[in-house]
1. Full-extension gain between residue 117 and residue 74, please, as 0.36 nm times their residue separation minus the C-alpha to C-alpha distance.
2. Work out from phi, with θ = phi - 60° and the Karplus expression 6.51 cos²θ - 1.76 cosθ + 1.60, the ³J(HN,Hα) of each residue of the stretch 9-21, listed in order in whole Hz, and give x for Gly and Pro.
3. Sort 197, 90 so the one with the fewest other Cβ atoms within 10 Å of its own Cβ comes first.
4. Do you know the relative contact order of the stretch 156-237, to the nearest whole percent, from alpha carbon pairs under 8 angstrom that are 6+ apart?
5. Compute the label zone of residue 167 within the stretch 102-129: residues whose backbone N is under 13 Å from the point 7 Å along Cα-to-Cβ.
6. For residue 183 and residue 137 in one chain, what is 0.36 nm times their gap in residues minus the Cα-Cα distance, to one decimal in nm?
7. Enumerate the amide H contacts of residue 217 below 5 Å, restricted to partners 5 or more residues apart or on another chain; note that Pro and chain-start residues carry no placed amide H.
8. How far is the Cα center of the stretch 192-220 from the Cα center of the stretch 167-181, in Å?
Amino acid sequence: MSGLRVADLGAAYGQAAALDGISLTAAPGEVVALLGRNGAGKSTTLKAVIGLVRVTAGTIALDGAAIGRLAPHERARLGVGYVPEERRIFAELTVAENLEVGRQPPRAGAPAWDEARIWRLFPPLAELRRRAGGRLSGGEQQMLAVARTLMGNPRLLLLDEPSEGIAPILVAAMAEAVRSLRAEGLTILLSEQNLRFAARVADRAYVLSQGRIAAEGAMAELLADRDALGRHLSTGP
């Protein structure tokens, strides 16, 4: 199968198990959301895919190739792009310089990105290209973090809480950007507590609880299952 396939994944922090038997897929041109309360395992799943936590069981494959034993930088070279919740932009560098840091050569099977395309995707950044990253608002920094990752021409984009802590108008802009990336054929797996945001962008979702998948299905079907939402999520839509 093209895209991402995770099977029977287990992960741990030290001796404490964090994931137990997670299996999921995300196809090219599909946005898949991981939903759940704090501590459910959403961010840990993304970190397991990029290689930042210890995997104890299971397999991870990208476009049919096993990547679960590779180091994080090796996964990045194969086209896994990761935007952490903390954003981690370079505060002393300008917006344009942050993008330059992320630049990689074009990659087969992935959209090719340059500054001109980034400015079209995130118009607010075009006006701020000479501003230091540390002087941006939270939402602008989130856009920059995504944009810098796109400059690496990923085949798979991992987004950890992309709507957290940003103004509503920029949440709308971020949702529009995610939909545009989906139209490009990018495989997108995102972690999200904001159910409204997930509903705007995701095709399918997995609901996590205590490191396991508690429910899964098309986004519209999950939104209609009020009982499942009430059991495993903090708020409804």
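Where a number appears in this text, it was derived from the coordinates with a stated rule and is not lab data. Being a predicted model, the structure only gives us computed values, none of them experimental. With ideal geometry, Cβ positions are generated from the backbone for all residues, glycine too; neighbour counts draw on all protein chains shown.
1. Taking residue 117 through residue 74 to full extension adds about 12.9 nm, to one decimal.
2. Result, rounded to whole Hz: 6, x, 8, 8, 9, x, 8, 8, 5, 10, 10, 9, x.
3. The order, fewest Cβ neighbours first, is 90, 197.
4. 25
5. The answer is 124-125, whose backbone nitrogens lie closer than 13 Å to the label point.
6. 13.8 nm
7. Amide H neighbours of residue 217: 205.
8. With the stretch 192-220 and the stretch 167-181 each reduced to a Cα centre, they are spaced 18 Å.
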